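Bear in mind that the values in this text are calculations on the coordinates, not laboratory data. All values derive from a computational prediction rather than experimental measurement. Heads up, the Cβs are rebuilt from the backbone with ideal geometry, glycines too, and the neighbour counts pull from every protein chain shown.
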Amino acid sequence: MEELGKRALTGDIRAVSRLIRNIEDQVPNTHEAIKHIFPFTGRAHVVGITGAPGAGKSTLTDQLICSIRAQNKTVGVMAVDPSSPFTGGALLGDRIRMLRHADDPGVFVRSLATRGAMGGLSKAVGDGIHVLDVMGKDVIIVETVGVGQQEVDIINHAHTVLVVLVPGMGDEVQAIKAGLMEVADIFIINKADREGARKLYKETLSMMDMGKFPSGWRPPIVMVESNMEPHTFAKSVDELYEKIQEHYAFLKDRNLLQERAQLKVQTEINDALRSAILEPVLNKLIESGEFDEMVQKLLKKETDPYTLADEVAAKYLVK
Amino acid sequence: MAKKIRILLAKPGLDGHDRGAKVLARCFRDAGFEVIYTGCHNTPEQIVNAAIQEDVDMVGLSCLSGAHTYLYPEVVKQLRDRGVTDIPVVGGGIIPDRDMQPLYDAGLKALFTPGATLDSIVDWINTNIAAKE
Ligand code: B12
Ligand SMILES: Nc1nc2c(ncn2[C@@H]2O[C@H](COP(=O)(O)OP(=O)(O)O)[C@@H](O)[C@H]2O)c(=O)[nH]1
Ligand SMILES: [Mg+2]
């Protein structure tokens with residue numbers, strides 16, 4: 001497994017995609033590969049893109065890749081779509097919008113299913129970013145599922161978060177109030193050809209006028225032209241990329257990059273502890289049948305969850 | 001561990017008959033597979049690059065226009081040229097009987113024509129394709 005990590009460091013595409021696959025499948029020992037590459041992480045600029053399904057995130061990502069490639073920088077993309085809660089299967093349709101980059105060796109695109117994770121991402125995203133980072137990608141774009149307002153996990157992983165709004169979705173501005181406001185580093189008003197784009201721009205602008213920006217960064221609002229007008233679309237996405245770079249420069253200049261990195265590191269420690277401590281204990285309980293016994297006891301009200309948890313802790317955790 | 005079968009479903013060439021492919025994409029999702037659908041007008045190069053980047057367990061090709069005789073073997077060949085021998089290629093669509101054997105000879109693992117039930121396709125995948133280590 002460490003071998004896979006070594007190969008990923010050299011940019012070996014098959015090793016990279018297999019490593020991401022193993023992270024997703026939670027193949028035992030995959031952590032060995034991550035241990036190997038971890039010291040080399042932290043180079044790439046990670047850009048998150050979130051917003052309602054159908055808002056145009058994948059279409060934008062496709063064009064953004066062009067803007068980034070025009071500056072000779074390489075790009076890694078992780079695009080997340082939902083798994084069916086009923087069958088566990090998933091229809092991953094983001095890549096269809098990015099087909100034109102399939103033959104560009106400077107671009108690596110990976111589709112991921114949520115596999116039950118809440119928060120709009122896949123559990124594999126955190127380590128997946130590390131893999132794309134050490135394979136040498138300069139910019140990493142993470143496209144979230146985009147279902148709801150709770151979907152703010154992206155803030156733990158991205159340096160720059162883009163929130164895509166489209167006209168005609170009614171409660172968009174409500175959603176901003178409800179929390180996306182804190183997440184967004186840049187707002188995008190997309191589908192400018194749709195009625196209400198200017199109105200949405202103005203509404204978002206007046207929302208911003210009421211906001212407070214302790215870091216000193218007031219999220220700009222970028223109008224992106226319709227993708228049906230390729231020339232103006234490309235031009236407005238170039239401008240968007242300039243704003244993205246401005247934000248990254250801002251974070252660097254003010255030493256705020258560290259703050260973002262801290263969010264990711266905290267999430268990582270949480271996840272790693274969970275998989276090192278909680279999961280093995282849970283697995284043991286399930287294998288030994290104790291878990292089922294506990295369920296039955298609780299159903300019969302013979303005990304309570306906290307007493308059970310104390311017992312498990314006393315048995316498995318060495319103080 | 002939580003292994004899932006991942007499938008790339010693509011339409012190579014200029015054929016625009018995408019109804020079958022879309023039906024299959026949904027059917028695969030409902031069967032519990034993760035399916036990456038890349039739509040129409042894919043070149044063999046794009047399909048091969050996608051298969052590698054997505055690390056799929058199977059490539060499914062759909063073509064109803066008659067171009068399968070060239071496009072299907074070309075995908076298999078380009079995968080091999082890139083050193084990929086562990087991703088089976090499966091095809092479907094309007095494939096006359098006389099084309100079957102040459103396609104199998106070229107390395108196609110299975111072929112399905114109109115009338116093949118979705119159940120039979122899913123069964124074939126569950127029997128012959130395993131999520132990889
Ligand atoms: C519907 C249809 C259309 C629709 C397509 C709508 C769409 N978006 O898909 C429209 C009207 C647009 C159309 C147009 C044309 N069509 Co048309 N069309 C058909 C028709 C009647 C049905 C196709 C279909 O949707 N079947 C239902 C799906 C579910 O079945 P399927 O795709 O075959 O998939 C099944 C299997 O083949 C298999 N399968 C298929 N792919 C894969 C992939 C994998 C991985 C697996 C495991 C299995 C698998 O599994 C599926 C389930 O059984 C067929 C005739 C026929 N009976 O097949 C003609 C047919 C395909 N069309 C034909 C032609 C010629 C055309 C046109 C060129 C007509 C023209 N002169 O304008 C155009 C070209 C369009 C284009 N851009 O390419 C010919 C093709 C002749 C050939 N290959 O030699 C056919 C065979 C009709 C005929 N008998 O002449 N068509
Ligand atoms: N009218 C209009 N449609 C767009 C625009 N950008 C994207 N779309 C369409 O919106 C749909 C969803 O786009 P997609 O990028 O897949 O959205 P995602 O779900 O947010 O990734 C597609 O049919 C796009 O073609 C735009 O600027 N104007
Ligand atoms: Mg998308």
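Positive-end ranking of A:Q63, A:G126, A:V222 along the dipole of the protein assembly as shown, with charges on Cβ about the Cα centre, is headed by A:V222. Distance between the pseudo-spin-label points of A:N270 and B:W124 (7 Å out from Cα toward the beta carbon): 4.5 nm.
With the highest mean first, a sort of the peptides A:53-63, A:266-276, A:127-137 on other beta-carbon atoms found within 10 angstrom per residue produces A:127-137, A:53-63, A:266-276.
With a/c under 1.5 counting as rounded, go ahead and sort the range A:26-149 into rounded, prolate or oblate using the C-alpha gyration tensor (a ≥ b ≥ c being the square roots of the eigenvalues; past the cut-off, prolate if a/b is larger than b/c, else oblate). Since a/c reaches 1.5 but b/c is at least a/b, the shape of the range A:26-149 is classed as oblate. Could you tell me which residue out of B:Y70, A:S275, A:G54 lies farthest along the dipole of the protein assembly as shown toward its positive end? Charges go on the beta carbon: Lys and Arg +1, Asp and Glu -1, centred on the Cα centre. Working it through, the farthest residue towards the positive pole turns out to be A:G54.
Peptide B:26-35 is shielded by partner chain Cβ atoms: per residue, an average of 6 of them sit within 10 Å of its Cβ. Using only Cα atoms and rounding to the nearest 10 degrees, what angle (0 to 90) does helix A:197-210 make with the longest principal axis of chain A? Compared with the principal axis, the helix lies near 70 degrees. Rounded to the nearest 10 degrees, the inclination of helix A:13-25 to the longest alpha-carbon principal axis of chain A is 50 degrees. So if we plug the beta-carbon distance of A:D253 and A:A313 into 1/(1 + (r/R0)^6) with R0 = 60 Å, what FRET efficiency do we get, rounded to 0.05? Efficiency for this residue pair is about 0.85. Counting only other chain Cβ atoms within 10 Å of each residue's Cβ, the peptide B:47-59 averages 5. Here's the picture: charge each Lys and Arg Cβ at +1 and each Asp and Glu Cβ at -1 in chain B, and of B:F33, B:P12, B:G83 the one pushed furthest to the positive end of that dipole is B:F33.
For A:V161, the residues 5 or more places off, or on other chains, whose built amide H falls under 5 Å of its own are A:G48, A:D185, A:I186. Only DSSP H runs of four or more residues enter the estimate; each adds -39500 (n - 2.57), and after division by the residues of chain A the mean residue ellipticity at 222 nm equals -14000 deg cm²/dmol.
Using only Cα atoms, tell me the angle between helix A:230-253 and the longest principal axis of chain A; keep it within 0 to 90° and round to the nearest 10. So the helix axis and the longest Cα principal axis differ by about 60 degrees.
The relative contact order of the range B:34-110, computed from alpha carbon pairs under 8 Å that lie at least 6 residues apart in sequence, is 35 percent. Put a plus charge on the Cβ of each Lys and Arg, a minus charge on the Cβ of each Asp and Glu, and nothing anywhere else: the dipole of chain A about its Cα centre is then about 400 debye. Taking a ≥ b ≥ c as the square roots of the Cα gyration tensor eigenvalues, the range A:41-254 comes out rounded, since a/c falls below 1.5. A straight Cα-to-Cα reach below 22 Å connects B:K11 with the lysines B:K22, B:K77, B:K109, residues fewer than 8 places away in its own chain not being considered.
How much net charge surrounds A:R218 when only the other residues with a Cβ under 15 Å from the Cβ of A:R218 are counted, with Lys and Arg +1 and Asp and Glu -1?
Result for the neighbourhood of A:R218: -1.
For chain A, the relative contact order works out to 17 percent when only alpha carbon pairs closer than 8 Å and six or more residues apart are counted.
For peptide A:112-123, the mean count of partner chain Cβ atoms within 10 Å of a residue's Cβ comes to 1.
Using a ≥ b ≥ c from the Cα gyration tensor of the range A:271-316 (square roots of the eigenvalues), is it rounded, prolate or oblate, where a/c under 1.5 gives rounded and otherwise the larger of a/b and b/c decides, a/b for prolate? It is prolate, given that a/c is not under 1.5 and a/b is the larger ratio. Packing-based ranking of B:58-64, A:163-169, A:309-315, A:28-34 yields B:58-64, A:163-169, A:28-34, A:309-315, ordered from highest to lowest mean Cβ neighbour count within 10 Å.
Normalised by the number of residues in the range A:18-155, the average gap of Cα pairs under 8 Å and 6 or more apart makes the relative contact order 37 percent.
For a straight C-alpha distance cut-off of 17 angstrom, the lysines reachable from A:K191 (same-chain residues fewer than eight places away being disregarded) are A:K57, A:K199, A:K202, A:K235. Among the GluC sites (Glu not before Pro) found in the range A:189-230, those both in a DSSP coil and sparsely packed, with 10 or fewer other Cβ atoms within 10 Å of their Cβ, are A:E195.
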